[in-house]
Amino acid sequence: MKVTRFAPSPTGLLHLGNLRTAIFNYFMARKSNGKFILRFDDTDKRRSSHKFVEKIKEDLRWVGLDWDEEIFQSDHLDRYDNAKKDLIEQGRLYECFETKTEIELKRKMQLNMGRPPVYDRAALRLSEKEKAQLRIDRKSYWRFKLEHELVEWNDCILGKQSIPTESLSDPVLIRADGQYLYTLASVMDDIDYEVTDIIRGSDHVTNTAVQIQLFKTLGDYIPDFSHHSLLVNFDGKAFSKREGSMDLEGLRNSGIEALAIVSLLISLGSSKTIGPFDNFGDVLTNFDLSHLSKAPAKLEFKSLQALSQKSLQRLSYSEIEKYILSIGVPKNLTESFWEMAKENIFVRKDLAKLWKTCNRNIVLVSSDPDYDFLKNALKILKDFSLNDDIWRLWTEEVKKLSGRRGKELYQPLRFALTGQNSGPDMNKLLPIMVSIGLKISE
Ligand code: GLU
């Protein structure tokens, strides 16, 4: 049984990049009948907000994800205090006093000398007396003392990874204002909640080397890691939280179907063909991280739109019935309405437009060259009983009476009825219009 977690920081809206992480973790847990935890990484009090917690939850629910447990890092500060003590006892956490400017200066000097800008561990050489002196007018912060070695792991997506920790600065785990940073808090929670698999973006690969050492120091196991490639837009640039239209709320407002988003995110960069999947069961069957490529996953809004349309059109009647009722279609017509409408829509909102078409006032204008033809045609429509064949039977009769055929016959009739030159199959549309009652005025 696998335990996974999705751990957003509630500092912004959910976007496709972090939703992809959520989806992978969700399906990994569900596939093994395991546990999926939603964890809010909210130790940064200044930037985290309750508003984003609610928005993230709303967006995840909209996409169709549910979670077995919801946790907040801000509730676990005592656990991080313990971890701090533990690390100090083990000689793996040390107090530092440099200001940001001093660190920056050191960095510049190292770079000028052609050396990598790795923290020089100067604070480790301070005596107790010197530290006491520094504490008088400085706030200290804490760094994790890395063990210099080659950290290796078998990444479920990237394959064998190895990072020499000498190339890294000892990471800051606790800031001068006392804030526990993600690197430590995340590992402590992963240990406490017995997370077995960590799936996240490849921007975390370096963190993993550090966190593996933390797992060894604070716990007694190391989870499996998978780092998926990052999403890029079609110009090859990274999607960012700032890219408004790609946030979930923006996508929902533009009518993109949730299932299409899931289908696309799960299949991007996969050697398998992209869905659309018909439901989560279908996604679950096809879910396999080992099919994912290491290369950045290119996402184009147009392909999302196309997939969304396909997903929508493939919905079964029972899946869309509630929505159709909500736009005012009476119960006895919902099924035939869906049958008529589904080939003619891009987004759900188009259903409301089509329902308006069904209800429109048909206005005959006497200056219209087709006026007499239309008037006579609509007059005899009343003589036809309502059935699935009404369009065919009626137009055959109109054809006989008027002598018109082809485009000349059908086009004005369609235009008079729908106000458009093209659109749904009239065989399916007319029975609905007649059943509501045609509203004709001159
Ligand atoms: N809060 C972290 C982030 O959003 C979580 C990363 C992780 O999954 O470990 O990047």
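Its residue count N sets the reference 2.2 N^0.38 Å, and the alpha-carbon radius of gyration of the range 300-346 equals 1.24 times that reference. Taking label positions 7 Å along the Cα-Cβ direction at both E300 and S402, the computed distance is 4.3 nm, reported to one decimal. Taking each residue as 0.36 nm, the span from E69 to T101 lengthens on full extension beyond its C-alpha to C-alpha distance by 7.4 nm. Here the calculated FRET efficiency for E128 and Y317, from their Cβ-Cβ distance with R0 = 60 Å, stands at 0.20, rounded to the nearest 0.05. Placing +1 on each Lys and Arg Cβ and -1 on each Asp and Glu Cβ, with no other charges, gives the chain a dipole about its Cα centre of roughly 1180 debye. Over all Cα atoms in the range 1-157, the spread is summed up by Rg and Dmax: 20.6, 58 Å. Expressed in units of 2.2 N^0.38 Å, where N is the residue count, the Cα radius of gyration of the chain is 1.40. Modelled spin-label separation between K356 and T183, with each label point placed 7 Å from Cα along the Cα-to-Cβ direction: 5.6 nm. Counting other Cβ atoms within 10 Å as a rough exposure proxy, the listed residues S366, S74 run S366, S74 from fewest neighbours to most. For the range 309-421, just say rounded, prolate or oblate: build the C-alpha gyration tensor, square-root its eigenvalues into a ≥ b ≥ c, call rounded for a/c under 1.5, and beyond that prolate if a/b exceeds b/c, oblate if not. Cα axes put the range 309-421 in the prolate bin.
Beyond 23 Å in Cα-Cα separation lie the following of the pairs K51/K322; K375/K439; K85/K160; K45/K298: K51/K322; K85/K160; K45/K298.
None of the figures in this text is laboratory data; all of them are computed from the coordinates on show. Only a predicted model underlies this, so the values are computations on that prediction, with no experimental measurement involved. Glycine gets a Cβ as well: all are built from the backbone with ideal geometry, and neighbour counts include every protein chain shown.
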